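The values are calculated or read from the model by the stated rules, or taken from the named source; none is laboratory data. Computed from a prediction, not measured in an experiment: that's the story for all the values here. Cβ coordinates were reconstructed from backbone atoms using ideal geometry, including for glycine residues, and neighbour counts include every protein chain displayed. Side chains included, ligands, DNA and RNA excluded: accessible areas come from the protein's heavy atoms. Shrake-Rupley method; radii C 1.70, N 1.55, O 1.52, S 1.80 Å.
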Amino acid sequence: MALETFSWRVQGTPEGGYDWRVRSAQFGDGYKQVAGDGINPETQTWPLTFQGREKDMKPILAFVRAHVIKACVWTPPYGVSGLYRVTKDSIKAMPTGGATMSVSFTFEQAYSV
């Protein structure tokens, strides 16, 4: 199975979020021990919105609907290419008048296909 690549150009100025899973232990003398939880403790999320002609937006909508369960390759702004999935319940499609529409969704970093 070949990985598909999300190759559409990002619109606007998306704002990525970074989260870390950590484990910590606080001791009575004030010392606190902190360690990453797992081998990939950092994750990124990127909410994205695309607007344009319906004929250009429908392929984006089809792509993101197909990548909720399986990962795809995507390069975030100023980032490194990696695996991402679309978060469930984040996909929204809305007509914006005439033959135009808006598609929004959130990519979350994935570590396996």
Considering only residues that are among the small types (Gly, Ala, Ser) and closer than 12 Å to MET101 by Cα, which ones fall in the range 29-74?
GLY52
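Which of the residues spanning the range 17-42 are of a type in the set (Lys, Arg) and surrounded by 11 or more Cβ atoms within 10 Å (Cβ to Cβ)? Break it down into steps so the answer makes sense when it comes.
Just the residues of the range 17-42 that are of a type in the set (Lys, Arg), to begin with: 21, 23, 32.
Within the range 17-42, ARG21, ARG23 qualify.
Here are some residues: SER7, SER81. Which one is within 14 Å of TYR111 (Cα to Cα), loosely packed, with under 14 Cβ neighbours inside 10 Å, in contact with a strand residue (DSSP E or B) (Cβ under 9 Å, 6 or more places away or on another chain) and small (Gly, Ala, Ser)? Break it down stepwise before answering.
Values: SER7 fails: within 14 Å of TYR111 (Cα to Cα).
Checking each option against the conditions leaves just SER81.
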Taking THR45 as meeting all but one of (1) surrounded by fewer than 14 Cβ atoms within 10 Å (Cβ to Cβ); (2) part of a strand (DSSP E or B); (3) within 18 Å of the chain's Cα centre (by Cα), write down the number of the exception.
(1)
Can you tell me which condition TYR78 does not meet? The list is (1) at pLDDT 95 or above; (2) farther than 15 Å from SER7 by Cβ; (3) assigned to a loop (DSSP other than H, G, I, E, B), and all the others hold.
(1)
Subset of the range 48-59 (residues that are part of a strand (DSSP E or B) and open to solvent by less than 50 Å² (accessible area, probe 1.4 Å))
LEU48, PHE50, GLY52
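In the list LYS92, LYS88, which residue meets the criterion of being open to solvent by 70 Å² or more (accessible area, probe 1.4 Å), without any contact (Cβ under 8 Å) to a residue 40 or more places away in the chain, closer than 20 Å to ASP19 by Cα and of a type in the set (Lys, Arg)?
Numbers: LYS92 fails: closer than 20 Å to ASP19 by Cα.
Step by step, each of LYS92, LYS88 is checked, and only LYS88 is open to solvent by 70 Å² or more (accessible area, probe 1.4 Å), without any contact (Cβ under 8 Å) to a residue 40 or more places away in the chain, closer than 20 Å to ASP19 by Cα and of a type in the set (Lys, Arg).
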